[in-house]
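K.L.:
Provided herewith is a single structure, encoded as structure tokens, for subsequent inquiry.
Coordinate-derived values only; no laboratory data. Computed from a predicted model, the values in this text were never measured in an experiment. Every residue, glycine among them, receives a Cβ derived from its backbone with ideal geometry; neighbour counts consider all protein chains shown.
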Amino acid sequence: MLIVLGLGIVASMMGVFNFAQGEFVLIGAYTTYLFHAMGLPVWSGMVAAPFIAGACGLVTEMVVIRRLYTRPVAAMLATYAIGLAVRETVRILLAGLYISIPEPIGGSISIGGSQISAWRLVILIVTILVVTASYLLVSKTSFGLQARAALENPSLARSSGISTTFVYAATFAFGTGLAGLAGALIVPVFSLFADLGLRFLVQGFVAILVGGVGTFTGPLAGGAVVGLVSAALPWVISPVAADILVFALAIVFVKIRPSGLIKGTGV
């Protein structure tokens with residue numbers, strides 16, 4: 001959800017699909033690992049991860065993306081190149097190893113007779129809180145109003161005194177910060193390796209296509225559908241076949257409904 005939300009906000013606001021989003025997930029995970037390797041609490045790395053990933057996203061927007069707004073295809077290729085560089089750099093630093101990160105909160109919790117991992121429950125709660133806060137930021141604050149104005153009519157927004165340059169930079173940094181937070185939260189579950197973000201990137205794009213671009217709720221709805229289907233299918237068919245079937249169903253759905261689950265023109 002956090003990865004898809006970050007992708008959706010950037011795509012809706014800026015018309016750019018960030019092909020490096022998976023690597024910002026990796027940056028968040030690697031930040032958590034570095035803090036742990038330095039003897040600091042794992043949770044401290046998780047707190048720092050979204051800010052470090054957001055700062056990296058801000059630099060990326062200012063140095064590269066800002067110059068390519070009028071050429072969205074070139075911008076997407078640029079993000080792909082940046083992501084490739086980040087991924088291979090981390091692969092060299094990790095020497096191709098898989099590294100385990102301990103969960104800050106261990107054990108399990110009994111809910112309704114079922115045992116649920118305490119850390120997975122924390123991830124769920126944090127995700128709900130962050131998504132809610134993001135919705136309030138977009139819909140109830142002056143920045144959100146400026147962001148919607150910059151999305152719907154950039155020229156009129158600039159003539160009204162809104163700095164679209166600042167809005168776009170902040171939006172990109174916010175989207176990558178969400179990816180960094182997601183990477184920090186999931187690294188104890190999946191371990192740290194160079195290709196950690198690739199699977200979530202692919203699933204994120206599928207979720208956005210299914211949910212629809214241009215609204216806040218569209219990507220979230222798509223993420224919910226793709227997540228539920230991806231989790232349910234391996235119970236009835238092999239995991240490999242399940243992954244293929246998820247993409248096949250997504251292609252069929254997008255063919256039938258190109259606008260996605262929720263059609264809109266504004267965040």
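K.L.:
Go ahead and run the numbers for FRET between LEU77 and MET38, Cβ-Cβ distance against an R0 of 41 Å, rounding to 0.05. Let's see the in-between values first.
P.N.:
Values: r = 36 Å, r/R0 = 0.87.
Given R0 = 41 Å and the Cβ-Cβ separation, E is 0.70.
K.L.:
Run the helix sum for the chain: -39,500 (n - 2.57) per DSSP H stretch of 4+ residues, divided by residue count, reported at 222 nm to the nearest 500 deg cm²/dmol. Each step should come with its number before you reach the end.
P.N.:
Working: 11 runs with 192 residues, N = 267.
Only helices count here, giving -24000 deg cm²/dmol.
K.L.:
While we're on this one: Please list, in order along the range 29-37, the HN-Hα scalar couplings obtained from phi with the Karplus expression 6.51 cos²θ - 1.76 cosθ + 1.60 (θ = phi - 60°), rounded to whole Hz, x for Gly and Pro.
P.N.:
Going residue by residue, I get 5, 5, 4, 4, 4, 4, 4, 5, 5 Hz, with x marking Gly and Pro.
K.L.:
Could you derive backbone 3J(HN,Hα) for the range 161-169 from the dihedral phi with the Karplus parameters 6.51, -1.76 and 1.60 (θ = phi - 60°), listing whole Hz in sequence and x where the residue is Gly or Pro?
P.N.:
Coupling constants for the range 161-169: x, 8, 7, 5, 4, 5, 4, 5, 4 Hz.
K.L.:
Output the 0 to 90 degree angle, nearest 10, between the alpha-carbon long axis of helix 118-140 and the longest principal axis computed from the alpha carbons of the chain.
P.N.:
Orientation of helix 118-140: about 10 degrees from the principal axis.
K.L.:
Over all distinct alpha-carbon pairs, what is the Kirkwood Rh of the chain in angstrom? It would help to have the intermediate numbers written out before the result.
P.N.:
On the way: mean 1/r = 0.0523 Å⁻¹.
Hydrodynamic radius (Kirkwood, Cα only) of the chain equals 19.1 Å.
K.L.:
Let me ask something else. Of TYR33, PHE51, SER110, which is farthest along the charge dipole of the range 2-196 in the positive direction, counting Lys and Arg as +1 and Asp and Glu as -1 at C-beta?
P.N.:
PHE51
K.L.:
Then there's this: Ranked highest first by average number of other Cβ atoms within 10 Å, how do 181-188, 86-93 line up? Intermediate results must be reported in sequence, preceding the final value.
P.N.:
Details: 181-188: 27.5, 86-93: 15.2.
So the peptides 181-188, 86-93, ranked by packing, come out 181-188, 86-93.
K.L.:
Hey, got the dipole for the chain? About the Cα centre, +1 on K and R Cβ, -1 on D and E Cβ, debye to the nearest 20? Each step should come with its number before you reach the end.
P.N.:
Working: 13 positive and 7 negative charges, 118 e Å.
Charge dipole of the chain: 560 debye, to the nearest 20.
K.L.:
Considering only C-alpha atoms, what is the centroid distance from the range 163-241 to the range 1-45, in Å?
P.N.:
10 Å
K.L.:
Starting from the amide H of ILE109, placed 1.01 Å from N in the peptide plane, find each other amide H under 5 Å away whose residue is 5 or more places distant or on another chain.
P.N.:
So ILE109 has HN proximity to ILE116, SER117, ALA118.
K.L.:
Between SER155 and ALA133, what is the label-point separation in nm under the 7 Å Cα-to-beta-carbon projection?
P.N.:
Output for this residue pair reads 3.8 nm.
K.L.:
Let me ask another. Only four residue types carry charge here, +1 at the Cβ of Lys and Arg and -1 at the Cβ of Asp and Glu. Report the dipole size of the range 140-267 about the Cα centre in Debye, rounded to the nearest 20.
P.N.:
Details: 7 positive and 3 negative charges, 72 e Å.
Dipole size: approximately 340 debye.
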